[in-house]
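Q: Pasting a structure below so you can have a look.
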Amino acid sequence: GACRRMHALMHGSLTWSWIMKMRMLNKITFKALIAMNKIISFLFVLLISLSLQAQQKAEFFARILPDREQIYAGDSMLVSVVLYSTYPIAKAECSTDFDVKGKCSQRKLNIDRNATAGRTREGQNVYYTLVWNQYVIVPEKVGTYTIPAQKFKATLQQIVRMPDMFDQMMGARPEYRNIKVQGEAPTFKFEATEKPLRSTQEMMRNRGGVL
């Protein structure tokens, strides 16, 4: 009986000692995790700050982009007006009309601008992009066609403070500074050429081999 009591006491003492060690280990591990999270948050904020310093100058411009390099008279071409900026575009407005100079038909497409937002890299620069409008153009005859410059005013949003990881878990969001900018898409010209005559083989294929 005495041996059993002694064994139980020793077992209880060892169990209590093990529990205390685990508690201490958990405290150390928890403190280490907190310290690690603080270091990660600091590095994250530092990287954001360095990135913002590297992009102090707000850049904003637009481009008129056709979906093909060569267009034949009578064929259709999709033309997109795309905005580019170094910071996210909060809002924008265009002060010029899209009116092709030359005998052609044009039709504006109904697009969801917000769904076109994206980013693209050009060399060392990364730009936020937004498709402003899209048009289907059909030049009716051979000749030169001109799309006038498209002028824009926009508001960009620059991050001035990024909350740390703990604040983000509590729902905190970055703080922004609005930047007013102006930019334009340069005048765009394209040449509509005569559609080349089809060869005899192409005509035979289209007519099932019968001329």
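Q: Given a 1.4 angstrom probe, what's the average accessible area per residue across segment 70-165, in square angstrom? Don't skip to the end; give the middle numbers.
A: Numbers: 5060 Å² over 96 residues.
On a per-residue basis, segment 70-165 sits at 53 Å².
Q: On to the next question. Report the extension gain between residue 96 and residue 193 in nm, rounded to one decimal, defined as 0.36 nm multiplied by the number of residues separating them, less their alpha carbon distance.
A: On the way: separation 97, 0.36 × 97 = 34.92 nm, distance 2.78 nm.
So the chain would gain 32.1 nm between residue 96 and residue 193.
Q: Another one. Counting other Cβ atoms within 10 Å, keep those with at most 13, restrict to DSSP loop, and tell me which trypsin sites (Lys or Arg not before Pro) in segment 73-117 are left. Display every interim value, and only then the final one.
A: Numbers: sites: 91, 101, 103, 107, 108, 113; in loops: 103.
For trypsin sites (Lys or Arg not before Pro) across segment 73-117 that sit outside H, G, I, E and B with at most 13 neighbouring Cβ atoms in 10 Å, the list reads 103.
Q: At a Förster distance of 22 Å, what's the computed FRET efficiency of residue 177 paired with residue 110, Cβ-Cβ distance as r, to 0.05?
A: 0.10
Q: I would also like to ask the following. On average, how much area does the Cα convex hull of segment 57-135 cover when viewed from any direction, in nm²? Working shown, then result.
A: Details: hull surface 26.4 nm².
If you wrap the Cα atoms of segment 57-135 in a convex hull and average its projections, you get 6.6 nm².
Q: Assuming 0.36 nm per residue, please report the length gained on full extension of the stretch residue 68 to residue 124 beyond their Cα-Cα distance. Display every interim value, and only then the final one.
A: On the way: separation 56, 0.36 × 56 = 20.16 nm, distance 2.63 nm.
Between residue 68 and residue 124, full extension yields an extra 17.5 nm.
Q: Quick check for me: using +1 on Lys/Arg Cβ and -1 on Asp/Glu Cβ, what's the dipole size of segment 89-132 about its Cα centre, in debye to the nearest 20?
A: Values: 8 positive and 5 negative charges, 27 e Å.
Charge dipole, segment 89-132, about its Cα centre: 140 debye, nearest 20.
Q: If you average the alpha carbon positions of segment 118-138 and of segment 93-116, how far apart do those two centres end up, in angstrom?
A: 15 Å
Q: At a 1.4 Å probe, what is the % contribution of carbon and sulfur to the accessible area of segment 57-145?
A: Numbers: 2190 of 5180 Å².
Its accessible area is 42 percent carbon and sulfur atoms.
The values are calculated or read from the model by the stated rules, or taken from the named source; none is laboratory data. These figures come from a predicted structure and were not determined experimentally. Neighbour counts run over all protein chains shown; Cβ positions are idealised from the backbone, glycine included. The protein model used for the area step is the full one, side chains on, heavy atoms only, and it has no ligands, DNA or RNA in it. Shrake-Rupley method; radii C 1.70, N 1.55, O 1.52, S 1.80 Å.
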